[in-house]
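**Q** Below: one structure in structure tokens.
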């Protein structure tokens, strides 16, 4: 290749790189509707993100108690029953209003998505008590759907150490922005909503302890399957044997857990800035320790709420990580009084008035379509 041809090749390469970079940047900067963005991840129970956006931004029902966590909380805490139990004990806010409880948990581990949901909530609503789920140890994994709903800046500014999803999330960002921009122009063509309507709303509190459901459709059969105790014990022992809380050794724990603690601390900072009280709730899988392996991240936030006496039982588990509907009812009943006493400003009224039909917000969508296997 002579010098002229080489020079021409270099110029073409530079132009191609520049055009590609400008195109990708342009895709990232495409405008979109954030309501559409939060609806866009509509796979199975992840479609709860769209409901969360509606609950936060369009449903004006107060959010007194909010739960943040994984499917352990989503399938284990019936927020509507918890609020009713608290009300039945006569607990009211200073104005005499009954307290509400809303479950914002979503399947899979990943503190980055917990932080994202918390930020959306606390920037928009006044929350009295934030109940943050804790499991045996902080997970080092990023949440698999974080990049589907996070703002572009959140993805670009995510911590690099140790974040195995950092570069894949950035690589997916241009196409995601292009997709959401197209969906924002014509949401209906993609099965999404252009505007919120109370007539097409799952309700202020959606219960996923009996049937996992989104958009009026059951995504699971009734959760009455009970894992045989022998199988449950075997799975629990296997979980303990494969768990390694210090892959890099305890000496480098701070580095190893930099990613989850970055977002957990972000949640705590948001709560402090908005005057929201935080309590931690320990919900491990079956057969696990009665407390997390490392308590340092949770110090200074009062006693950790637990229901170990309930979780030790072997007759209420759907599998080694999730409770049956009956188990969830018992868990909800066990933690309700502990949560009630943690709500700032709440007190027992010796002569409480009735809560009223709309005290807990919009009722659950009545048109729940039954689960059908594919």
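Here's the yes/no breakdown for (1) in contact (Cβ under 8 Å) with a residue 12 or more places away in the chain; (2) closer than 30 Å to residue 361 by Cα; (3) in contact with a strand residue (DSSP E or B) (Cβ under 7 Å, 6 or more places away or on another chain):
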| position | (1), (2), (3) |
| --- | --- |
| 126 | yes, yes, no |
| 147 | yes, no, no |
| 157 | no, no, no |
| 172 | yes, no, no |
| 187 | yes, yes, no |
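**Q** Failed condition for residue 83, given (1) modelled with pLDDT under 95; (2) assigned to a helix (DSSP H, G or I), with all others met?
**A** Checking residue 83 against (1) modelled with pLDDT under 95; (2) assigned to a helix (DSSP H, G or I), the one that fails is (1).
**Q** Assess whether residue 307 counts as being at pLDDT 95 or above, touching a helix residue (DSSP H, G or I) at 6+ places or on another chain (Cβ under 6 Å) and surrounded by fewer than 18 Cβ atoms within 10 Å (Cβ to Cβ).
**A** Working: at pLDDT 95 or above: yes; touching a helix residue (DSSP H, G or I) at 6+ places or on another chain (Cβ under 6 Å): yes; surrounded by fewer than 18 Cβ atoms within 10 Å (Cβ to Cβ): no.
No: the conditions fail for residue 307.
**Q** Here's another thing I want to ask about it. Starting from region 339-363, keep only residues that are on the phi < 0 side of the Ramachandran plot and without any contact (Cβ under 8 Å) to a residue 24 or more places away in the chain, then list their pairs with residues that are part of a strand (DSSP E or B) and surrounded by 13 or more Cβ atoms within 10 Å (Cβ to Cβ) whose Cβ atoms are within a distance under 6 Å, requiring at least 6 positions of separation or different chains.
**A** Once the first residue is on the phi < 0 side of the Ramachandran plot and without any contact (Cβ under 8 Å) to a residue 24 or more places away in the chain and sits in region 339-363, no partner that is part of a strand (DSSP E or B) and surrounded by 13 or more Cβ atoms within 10 Å (Cβ to Cβ) comes close enough.
**Q** Would you mention how many residues in region 316-329 are farther than 12 Å from residue 224 by Cβ and surrounded by fewer than 18 Cβ atoms within 10 Å (Cβ to Cβ)?
**A** 1
**Q** Out of 124, 70, 81, 102, I need the residue that is more than 12 Å from the chain's Cα centre (by Cα) and under 30 Å from residue 165 (Cα atoms). Which one?
**A** The unique qualifying residue is 124.
**Q** Residue 142 versus (1) at pLDDT below 95; (2) part of a helix (DSSP H, G or I); (3) touching a helix residue (DSSP H, G or I) at 6+ places or on another chain (Cβ under 6 Å): which is the lone unmet condition?
**A** (2)
**Q** Look through region 342-374, keep the residues that are modelled with pLDDT of 90 or more and surrounded by 15 or more Cβ atoms within 10 Å (Cβ to Cβ), and return whichever of them is farthest from residue 55 (Cα to Cα).
**A** In this case the residue turns out to be 342.
**Q** For region 277-292, state whether one or more residues are touching a helix residue (DSSP H, G or I) at 6+ places or on another chain (Cβ under 9 Å) and free of Cβ contacts under 8 Å to residues at least 24 places away in the same chain.
**A** Yes - at least one qualifying residue is present in region 277-292.
**Q** On to the next question. Please go through region 310-321 and pick out each residue that is at pLDDT below 95 and within 20 Å of residue 131 (Cβ to Cβ).
**A** Within region 310-321, just 321 meets the criteria.
**Q** In the set 174, 144, which member is surrounded by fewer than 19 Cβ atoms within 10 Å (Cβ to Cβ) and within 26 Å of residue 280 (Cα to Cα)? Talk me through it step by step, then tell me what you get.
**A** Working: 174 fails: within 26 Å of residue 280 (Cα to Cα).
Selected residue: 144, the only one of 174, 144 that is surrounded by fewer than 19 Cβ atoms within 10 Å (Cβ to Cβ) and within 26 Å of residue 280 (Cα to Cα).
**Q** Output the helices (runs of 4 or more DSSP H) that fall wholly within region 189-288 and possess 1 or more residues being in contact with a strand residue (DSSP E or B) (Cβ under 9 Å, 6 or more places away or on another chain) and surrounded by 13 or more Cβ atoms within 10 Å (Cβ to Cβ), or say none. I'd like the intermediate steps shown before the answer.
**A** On the way: elements: 229-242, 253-256, 258-274.
Correct list: 229-242, 258-274.
**Q** Please go through region 101-119 and pick out each residue that is in a helix (DSSP H, G or I) and either surrounded by fewer than 20 Cβ atoms within 10 Å (Cβ to Cβ) or in contact with a strand residue (DSSP E or B) (Cβ under 8 Å, 6 or more places away or on another chain) (or both).
**A** 114, 117, 118, 119
**Q** Quick check on residue 37: is it at pLDDT 70 or above and within 30 Å of residue 331 (Cα to Cα)?
**A** No; evaluated as a whole, the condition is false for this residue.
**Q** If you scan region 295-326, which residues turn out to be farther than 20 Å from residue 269 by Cα and in a loop (DSSP other than H, G, I, E, B)?
**A** 307, 312, 313, 314, 315, 316, 318, 319, 320, 321, 322, 324
**Q** Tally the residues that are assigned to a helix (DSSP H, G or I) and surrounded by 11 or more Cβ atoms within 10 Å (Cβ to Cβ), restricting the search to region 152-171. Full working, then the answer.
**A** Keep residues of region 152-171 that are assigned to a helix (DSSP H, G or I), which gives 152-156, 166-171.
So of that shortlist, the ones also surrounded by 11 or more Cβ atoms within 10 Å (Cβ to Cβ) come out as 152, 154-156, 166, 168-171.
Adding up the residues that qualify gives 9.
**Q** Pairs please, first residue from region 249-262 and within 9 Å of residue 162 (Cβ to Cβ), second anywhere and at pLDDT 90 or above and surrounded by fewer than 16 Cβ atoms within 10 Å (Cβ to Cβ), Cβ atoms under 7 Å, 6+ apart in sequence or on different chains.
**A** As it stands, the answer is 258/159; 259/159, since those pairs meet every condition given.
**Q** Could you list, in sequence order, all residues of region 56-98 that are closer than 17 Å to residue 361 by Cα, buried (at least 24 other Cβ atoms within 10 Å of the Cβ) and out of contact with any strand residue (DSSP E or B) (no Cβ under 6 Å at 6 or more places or on another chain)?
**A** Those that are closer than 17 Å to residue 361 by Cα, buried (at least 24 other Cβ atoms within 10 Å of the Cβ) and out of contact with any strand residue (DSSP E or B) (no Cβ under 6 Å at 6 or more places or on another chain): 78, 86.
The values are calculated or read from the model by the stated rules, or taken from the named source; none is laboratory data. Keep in mind that this is a model prediction, so the values were computed, not measured. In this analysis, Cβ positions are derived from the backbone assuming ideal geometry, glycine residues included, and neighbour counts consider all displayed protein chains.
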